[in-house]
Amino acid sequence: MTLRANAGKSLEHQLKTVGITLLLAFSGGLLWLLLLLEASTLVIVTLFTLLLPLFILWLRHFYQKIITPFYSLTNLVEAIRLEDYSLRTREQYQSGILHSLNQEITTLSEDLQHRKQAYDQHTLLIYHLIEQLDAPIAIFNQKQQLSHANGAFSQYIGQPWQSKRLSTSRSLGLSIDKNNRWSFIDENESSCWQLKQSQFIQDEKTYHLVVLTNIEKLLRQNQQDSWQQIIRVLSHEIRNSLTPIKSLAQTLVELPNQQDNSKKALQVIVERSISLQEFVNRYGDITQRYAVEKRWLSSQTFTEMLIALFPTQVISTEIKTDKIWADPLLLKQVVINLLKNAIEAGVGSKNIRISLVISLRKNLKNEQELVIEVTDTGQGIANTDNLFVPFYTTKDNGHGIGLSLCQNIIEQHNGRLTLTNNKNGIGATARLSLPYQDNNEQSIL
Ligand code: ADP
C-alpha cells in the first residue's frame, strides 16, 4: 500500500519517508525497551537526548551517501551534453551498481570526446579545403543566413564574407524556392555562373552548401578555341593566296617595258600583300602559347625603359614596390600596349594625364599580388562588353588585337587584366594583377 502510494514520488521523498519511519520505529523501540526495564524518567530523557540526535545524524549521512553520487553523475551527464568532456566524478563506491554506472558514463564521455575531436578535425579539413578552392562557396543556415564562405566568395561579393555573416541570402543575390532549389535573383548572373547545391546536417541543423562555377571563363575558353580555329584557317588561306600574288606582282614590277601606271599599281599590290602578311602574322600572337619565363625585374628599371619609349608623352609614375616577378619581355609588351591605348584614348582632348602605378596588394584571399595600373583621363570606354574580343576596335586604324594579346599573356602568368572606366567619369584604368612570390633566389634584372 505504502509502495503504491509512493510510486512516482522522487527517490529523495521515498528515502525521507523511510528515514522518518526508521526514526519512529527506533524511538518507539527504545521507549518500549526502557519501560520494560523500568528505567527512571531521568534515564529515559537522558538516553533520548543522547541517542536521538546520533540516530538522526546517521540517517542523514546514509541519505547523503545514496543521493550525492546521483548529483555528481547528473553534473557529469550535463557537462557531456554541453560538450565538456573534462569533468570527472569522485568515486564513492569501488564496486556495485553506482560504481558500474560511473564507469559507463566516464567511458561514454571519453568515447564522445574522441568522436568530437575526429569530427572537429574533419570539419576543419572541410573548411580548409573550401578555402583552397577557386570556386566561390557559401554555406547558409536554416534561416538562409550566411554562416560560412571562402575567399573566392569574398571576391565574388567584392568584400570579406565575414562582414556579411548572418546576412540573408537575398541580400547576397541568391534565393531558394520551396523545393530547396537555389537561383540568382539577377538572371544576368546565370550567364556567367552556374549554381550547384547540396545540404548537410551539423549539430542537428540543416545547412545549404552553394557552389558557384564560373562558366564565363569556360565560355571564353570555348570562344577563344573557336577564334583560334577560325584564325588558323583564315591565316592559312590568306597566306596561301598572298604568297603567289606577291611574288607574281614582284616579278611583273621587275619586267622591263612596264608602263609607269602598271608599275605603280603592281607596287601597291606588293606593298599591300606584305602588310597583309604582317597583319595575318600578328593575329597569330593572340592565341599563341608562350613559354613564360618569370624573373625578378627592378620596378625602377622597368618603368624607366617604358617611359623612354614615349618621349613626347608625360607619364607620371608611382613605384610602391621595388621588384616585379614576371616574364620581362611579355610584361613589357603588355604595358606598352596599355600605355599606347591610354595615349590614344586622349587623342583630341587637351591635357591628357597618364599615370603608371606599380604596387603590392593583398587580395581577398589574403594572397599578395603585384598590381600595375595605367590610368588615363581620356575619352573613356565606349563599350565594355567587347573589349577583349579579338578584332574589336573603335579606332580608324585600329586592329583590335592589343587587349586580346595582353589578356592572353596575363592569363598565362595566372594573373588578371581588367579595363574599367574611372569612377569620377573621366578616362579609364587598365589594371593587371599578377601572383607575387617573395623568393629572393634569383637576381634582379
Ligand atoms: P586597338 O587599340 O587596335 O583598337 P585594342 O585591343 O588595344 O585594339 O583595344 C580595343 C578597344 O578597346 C579600342 O579600340 C578602344 O575602343 C578600347 N580601349 C582600349 N583601351 C582604352 C582606353 N584606355 N580608354 C578607352 N578605350 C580603350
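The values are calculated or read from the model by the stated rules, or taken from the named source; none is laboratory data. Here the structure is a predicted model, which means the values were calculated and not measured. Neighbour counts are summed over all protein chains in view; Cβ atoms, including those assigned to glycine, are modelled from backbone coordinates with ideal geometry.
Tabulated values for the structure
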item: Checking residue 351 against (1) surrounded by fewer than 15 Cβ atoms within 10 Å (Cβ to Cβ); (2) over 29 Å from residue 227 (Cα atoms); (3) near the ligand (Cβ under 8 Å from one of its atoms), the condition it does not meet; result: (3)
item: Residue in region 50-64 that is in contact with a helix residue (DSSP H, G or I) (Cβ under 6 Å, 6 or more places away or on another chain) and either within 30 Å of residue 108 (Cα to Cα) or outside any helix (DSSP H, G or I) (or both) present; result: yes
item: Residue under evaluation residue 356, criteria (1) out of contact with any helix residue (DSSP H, G or I) (no Cβ under 7 Å at 6 or more places or on another chain); (2) over 28 Å from residue 191 (Cβ atoms), criterion not met; result: (1)
item: Lone qualifier among 83, 38 - being acidic (Asp, Glu) and either closer than 30 Å to residue 110 by Cβ or under 60 Å from the mean Cα position of the chain (by Cα) (or both); result: 83
item: Selection status of residue 342, small (Gly, Ala, Ser) and either away from the ligand (no atom under 12 Å from the Cβ) or at pLDDT below 95 (or both); result: no
item: Residue in region 288-295 that is away from the ligand (no atom under 16 Å from the Cβ), of a type in the set (Ser, Thr, Tyr) and in a loop (DSSP other than H, G, I, E, B) present; result: yes
item: Some residue of region 102-124 being within 22 Å of residue 163 (Cα to Cα) and loosely packed, with under 11 Cβ neighbours inside 10 Å; result: yes
item: Region 385-412 residues that are touching a residue at least 60 places away in the same chain (Cβ under 8 Å) and more than 8 Å from the ligand (Cβ to nearest atom), paired with ones that are aromatic (Phe, Trp, Tyr) and part of a loop (DSSP other than H, G, I, E, B) (beta carbon under 9 Å, 6 or more apart); result: 408/290; 409/290; 412/290
item: Yes/no for residue 147 being without any contact (Cβ under 8 Å) to a residue 60 or more places away in the chain and either over 27 Å from residue 416 (Cα atoms) or not β-branched (Val, Ile, Thr) (or both); result: no
